[in-house]
Amino acid sequence: MHIQTPYYLIDELQLLRNLEKIQQVRESAGAKSVLALKCFSTWAVFDLMKKYMDGTTSSSLYEARLGHEQFGKEVHAYSVAWSDADIKAVQQFATKIIFNSVSQLKMFYDQVKGQKIGLRVNPQMSYSDFDLADPARKYSRLGVTDQAALSEVSSLVSGAMFHYNCENADFDQYAAMLDKISDQYQGLLKKWEWVSLGGGIYFTKEGYPLDRFCQKLRDFSEKHELQVYLEPGESAITRSACLVTKVLDIVHNEKDIAIVDSSIEAHMLDLLIYRADAKMDNHGTGRFDYMVAGKSCLAGDVFGTFRFDEPLTVGSEIRFTDAAGYTMVKKNWFNGVQMPSIVVKRLNGKYDIAKQFDYQDFKNSLS
Ligand SMILES: *Cc1c(COP(=O)(O)O)cnc(C)c1O
């Protein structure tokens, strides 16, 4: 089947490998998992995902609504700051409303007190390689730091959210932080029915000690007698998609540079933000070296430098792997570059073009 590039290709079989690990954590640790929509909101594969997950968690009214409409099950509605209109609207969709601060909790408590309410806690420790993504960075506004203020309002909420990791693949370090939280918040945890331990944990990664992770979560949940939730974003969808592009031109400036019909700034923005190279399978050893770059006019629109077994030519296909998380949710119309279609390879092997974008979409995103 010929599909016009560029397109994101989600492979349900690869997605399933992550989902089965999530299911294992559900069964052996008793921990529920809600998908973090800010990482991945491609609802074309939610029918598969919802069989293995307990719902969604959101960062805004729109995400909460999407979770409710397309995923169903539990809808954890969190926002760094709700507006009055948001709070009125989100109540129709949310199964839990999670506030980021004591002031927001107090501001809206009377409106939402019939519902399950949570508060985000900032434990002032974290794991993150990037200051930009570190929830416990200096002056962080993410969650309540003042333990006395937290205690004072703790009976207004039935649970709390601790999100303090980013791409943490180090189990021992994770376990040590969880022990600290367990001690430091002991009195409060005892009172609550549920606690969410957030996202940012790479527990679906190859080689991660999943059994020890499950045991740790089970011990935590038994000790404090509460329901544990995880909020996987990246770990739910890691390595389940690629971005398929095509070479449009090859130029030379000290190096051979292949220009593809995509753009890192428009289609894989996080690579630019975190200064990381795109990934490609089996391209570490070939004889032919190319810098692969995007077609936007940004000088630094570069995917990376890769080695190929064969020389590239105009029309060669190039696939960037691990392209599911923080890509489709962040894609934009910078430079008016053709937005990649969203294609799903279903479990039965059939390709399904879930979404295509055209000039009208570009035009309608502005006025
Ligand atoms: C970003 C975020 C997540 C998901 O993080 P991943 O690193 O993609 O797993 C979960 N919960 C909250 C509150 C977040 O901000």
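The values are calculated or read from the model by the stated rules, or taken from the named source; none is laboratory data. Quick caveat: nothing in here was measured; it's all calculated off a predicted structure. Here the Cβ is made from the backbone with ideal geometry for all residues, glycine too, and neighbour counts use every protein chain on show. Areas reflect the complete protein model, heavy atoms only, side chains present, ligands, DNA and RNA absent. Shrake-Rupley method; radii C 1.70, N 1.55, O 1.52, S 1.80 Å.
Close amide-amide hydrogen proximity is noted between Ile318 and Thr245, Lys246, Val247, each under 5 Å apart and 5 or more residues distant or on a separate chain (H modeled in the peptide plane; Pro and chain starts excluded).
Counting only Cα atoms, I'd like the Rg/Rh figure for segment 205-271, Kirkwood definition for Rh. Write out the running numbers ahead of the final one.
Working: Rg = 21.3 Å, Rh = 16.5 Å.
Dividing the radius of gyration by the Kirkwood radius yields 1.29.
Apolar share of the accessible surface for segment 12-237: 48 percent from carbon plus sulfur atoms, 1.4 Å probe. Annotation: the antiparallel percentage among DSSP beta bridges lying fully within the chain is about 45.
Volume per residue for the chain equals 154 cubic angstrom (convex hull of Cα atoms). Residues in segment 239-364 average 53 Å² of solvent-accessible surface per residue, probe 1.4 Å, ligands and nucleic acids excluded. The modelled label-to-label distance between Phe288 and Lys223, using points 7 Å beyond Cα along the C-beta direction, is 5.7 nm.
For segment 161-176, 3J(HN,Hα) computed residue by residue from phi via the Karplus equation (6.51, -1.76, 1.60; θ = phi - 60°) reads 10, 10, 10, 9, 10, 9, 6, 8, 9, 9, 4, 4, 5, 4, 4, 5 Hz, glycine and proline entered as x. Modelled label positions at Tyr274 and Glu193, each set 7 Å beyond Cα in the direction of Cβ, lie 3.5 nm from each other.
What whole-number volume per residue, in cubic angstrom, does the convex hull of the C-alpha atoms of segment 239-364 give? All intermediate terms of the calculation are to be shown ahead of the outcome.
Values: hull volume 15.6 nm³, N = 126.
So the per-residue hull volume is 123 Å³.
Each part reduced to its alpha carbon centroid, segment 141-190 and segment 295-321 end up 43 Å apart. Using the Karplus relation 6.51 cos²θ - 1.76 cosθ + 1.60 with θ = phi - 60°, the per-residue 3J(HN,Hα) values for segment 18-31 come to 5, 5, 5, 5, 4, 4, 4, 5, 4, 6, 8, 9, x, 8 Hz, with x marking Gly and Pro. When the chain is treated as a Gaussian network with alpha carbon springs shorter than 10 Å, the biggest mean-square fluctuation among Phe130, Phe306, Phe93 belongs to Phe130.
State, as an integer percentage, the relative contact order of segment 12-237 based on alpha-carbon contacts under 8 Å between residues 6 or more apart.
Details: 436 pairs, mean separation 49.2, N = 226.
Over segment 12-237, the number comes to 22 percent.
Among Leu132, Leu230, Leu178, the largest mean-square fluctuation in a Gaussian network model of the chain (Cα springs under 10 Å) belongs to Leu132. On the beta carbon distance between Tyr359 and Gln124, with R0 = 51 Å, the FRET formula returns roughly 0.55. What longest region of the chain stays clear of trypsin sites (Lys or Arg not before Pro) that DSSP places outside H, G, I, E and B and that have at most 12 other Cβ atoms within 10 Å? Longest run free of exposed loop sites: 142-274.
Under the convention that each Lys and Arg Cβ holds +1 and each Asp and Glu Cβ holds -1, the size of the dipole of segment 294-367 around its Cα centre is about 260 debye. Within segment 193-300, the GluC sites (Glu not before Pro) that combine a DSSP coil assignment with at most 13 other C-beta atoms in a 10 angstrom radius are Glu193, Glu206, Glu225, Glu254.
If amide hydrogens are placed 1.01 Å from N in the peptide plane, which non-local residues have theirs closer than 5 Å to the one on Asn165? Sorted by chain and number, the residues that satisfy this are Tyr127, Gly199. Think of it as helices only: each DSSP H run of n ≥ 4 in the chain is worth -39500 (n - 2.57), and spread over all residues that comes to -8000 deg cm²/dmol at 222 nm. For Leu119, nonlocal amide neighbours, meaning residues 5 or more places apart or on other chains whose placed amide H falls under 5 Å from its own, are Phe99, Gly159, Ala160, Met161.
Just checking the listed ones, Val302, Val344, Val80: in the Gaussian network model of the chain with Cα springs under 10 Å, the one fluctuating most is Val80. For segment 233-367, the relative contact order comes to 29 percent (Cα pairs under 8 Å, sequence separation of at least 6).
Heavy-atom accessible area, probed at 1.4 angstrom with all protein chains present, ranks Ser140, Ser103 as Ser103, Ser140, highest first. Within the shell of other residues whose beta carbon sits under 12 angstrom from the beta carbon of Tyr326, the net charge comes to -1, with Lys and Arg scored +1 and Asp and Glu -1. Rounded to the nearest Hz, the phi-derived 3J(HN,Hα) couplings of segment 281-296 under the Karplus curve 6.51 cos²θ - 1.76 cosθ + 1.60 (θ = phi - 60°) are 6, 6, 10, x, 10, x, 8, 10, 9, 9, 7, 10, 10, x, 9, 6, where x marks glycine and proline.
As a length-normalised measure over Cα pairs under 8 Å and 6 or more apart, the relative contact order of segment 164-228 settles at 45 percent.
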